[in-house]
1. Find, to one decimal place in angstroms, the Kirkwood hydrodynamic radius of the stretch 217-303, where the mean of 1/r is taken over every pair of different Cα atoms and then inverted.
2. Under 5 Å between amide H atoms, partner at least 5 residues away or on a different chain: which partners does F423 have, H built in plane at 1.01 Å?
3. Give me the accessible area per residue for the stretch 20-138, probe 1.4 Å, as a whole number in Å².
4. Quick one: length gained pulling E280 to E247 fully straight, 0.36 nm per residue minus the C-alpha distance?
5. Rule-of-thumb check for the stretch 362-403: C-alpha Rg over 2.2 N^0.38 Å?
6. May I ask you to order 381-392, 20-31 by the average number of other C-beta atoms within 10 Å around their residues, highest value first?
7. What nm value, rounded to one decimal, do you get for the distance between D463 and D388 when each label is placed 7 Å out toward the C-beta?
8. Between L171 and Q216, what FRET efficiency comes out of the Förster formula 1/(1 + (r/R0)^6) with R0 = 25 Å and r the beta carbon distance, rounded to 0.05?
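The values are calculated or read from the model by the stated rules, or taken from the named source; none is laboratory data. Fair warning: this is a prediction, and the values are worked out from it, not measured in the lab. Cβ coordinates were reconstructed from backbone atoms using ideal geometry, including for glycine residues, and neighbour counts include every protein chain displayed. To get the accessible areas, we keep the full protein, side chains included, count just its heavy atoms, and leave off ligands, DNA and RNA. Shrake-Rupley method; radii C 1.70, N 1.55, O 1.52, S 1.80 Å.
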Amino acid sequence: MSTTPEDRLTPEQLRTLFLFESLSIEQIHWLAERGRVERRDAGEVVYREGEPATCFFVLLRGAISLHRVLHGDDVEVNRTDQRGVYSGATRAYLGDRVEQSYPHTMRAVSDAEFFVLPADEFAYAVRTWFPMALHLLEGLFFGTRAANAIVNERERLLALASLSAGLTHELNNPAAAALRATAGLRERVTGMRHKLAMIADGRLDGAALHKLVGLQDDAVRHAAAGVDLTAMETADEEDTVSDWLEERGIARAWDLAPSLVAAGIGVPWLTEAASTVGDEYFEGAVRWITYTIDTELMMGEIDDSVERISELVGAARQYSQLDRTPLQIVDVHALIDATLTMLQAKIPQGVRVVREYDKSLPSIPAYGAELNQVWTNLIVNALDAMPDGGTLTVRTWREDARLMVEIADTGVGIAKDIRPRIFEPFFTTKQVGEGTGLGLDISYRIVVNKHHGDLRVTSEPGDTRFTVCLPIEQEAAGSEPSRDTEAETGTRTETEAGTGTAAAETDSEASTGAAGGVSPAAGG
């Protein structure tokens with residue numbers, strides 16, 4: 001680098017630059033006194049992305065290119081040789097309220113020459129010379145950032161509401177089943193107490209009691225083993241058992257038969273039981289056995305219900321990652337399964353869910369709760385695209401040093417003319433009030449900005465696929481961005497990524513692809 005701080009442009013030379021052509025004589029002289037000329041050789045880095053933004057650069061001669069690091073790759077987002085384009089510390093006027101760092105890397109494509117103004121001098125000029133413009137710019141910047149924060153928070157609240165509704169719906173079924181089983185169990189235990197009273201009265205002798213306990217144990221073993229009958233086979237078997245019991249004078253046999261059949265107890269077992277306890281005690285034995293079977297079946301139902309509730313609570317914890325640090329080593333399959341569990345109530349009857357997991361995939365460093373937000377947005381969009389049913393496929397595999405997650409649907413597809421816009425904030429094809437237009441925008445920022453990954457989409461009628469690419473190695477995972485950076489990427493109107501009037505317009509499109517819009521691989 002050849003720097004000559006003593007080199008100065010004359011006021012007349014400065015006025016030939018479109019940025020300064022309307023300044024007063026005093027302002028032009030002020031700039032000429034404080035600015036300097038710097039030269040860079042072809043291929044040399046003028047400044048590097050992430051470094052403190054200390055200078056404001058205006059191109060005098062030569063050609064430059066702007067680059068950004070996107071999920072590990074150096075991507076050129078703009079190239080220009082237009083004299084007068086500018087870049088560098090363009091937000092210095094915001095002072096310490098915003099992190100002052102270069103948003104990209106500038107390289108000299110050919111030998112280049114710049115007019116360079118220190119950031120603090122540039123900030124003073126903007127604040128002093130253009131007070132009204134300064135207020136407008138500050139209002140635009142901070143107002144947009146605040147609005148984004150509010151809207152993003154609302155999106156999170158909507159996701160939380162969806163989670164709560166889904167969890168409540170899923171918990172209701174096992175909880176209701178457990179309540180029903182508990183009520184029935186109470187009745188059966190009452191009946192068993194009455195039978196115990198018969199024993200206490202001496203109406204069953206010791207030998208009969210021992211036989212009855214043996215039958216009870218055998219019936220419990222049958223109940224634990226269960227039976228596998230179709231509905232028709234079950235109905236036929238119940239009729240057979242009921243008829244057999246009625247022939248032996250047992251009242252309300254039709255009420256006992258379903259429990260006996262459910263435990264796998266048929267006429268052969270009952271015939272053997274009758275010969276074991278004798279006709280005198282047979283009816284009491286059958287009712288005692290029925291109470292025992294009902295009790296076992298209901299306890300099993302309660303056990304299944306409580307286990308289901310426990311699984312749902314575990315899935316909710318996995319989904320929300322409430323007990324985890326933000327960045328952790330996570331099993332992507334566990335996150336996806338937890339999300340599908342939470343969204344079970346949203347999956348229509350006609351939608352089939354297919355999981356094609358590569359079980360050999362390793363756990364990866366990631367922000368679990370935020371990845372679950374990505375899966376939620378992509379899965380809900382896929383379900384919305386299949387109102388009349390279809391197939392939702394979640395597929396994982398490894399591709400070099402990346403873990404790939406594909407969420408595919410057989411829905412209507414994304415129209416070709418709107419595909420390039422689907423990652424734009426507030427863009428939605430849903431009816432007013434049905435969507436915020438931020439789901440894919442937030443998902444893109446989580447995957448690309450926070451995890452240094454990529455989010456791609458290909459679509460045609462009957463086959464839409466969103467593919468999330470995540471780095472496997474821990475050192476490749478992203479770090480928590482600052483609030484300012486997050487706000488800027490959210491708006492995707494970062495003019496600082498450009499280089500002035502014409503160049504800024506060109507780079508605005510490139511920046512959209514780099515900082516959260518549709519990536520080149522998005523299949524537009």
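1. By the Kirkwood definition, the hydrodynamic radius is 13.0 Å.
2. V518
3. In whole numbers, the stretch 20-138 has 45 Å² accessible per residue.
4. 10.4 nm
5. Taking the Cα Rg and dividing by 2.2 N^0.38 Å, one obtains 1.45.
6. Ranked from most to least packed, the peptides come out as 381-392, 20-31.
7. So the two model labels end up 2.0 nm from each other.
8. Efficiency for this residue pair is about 0.15.
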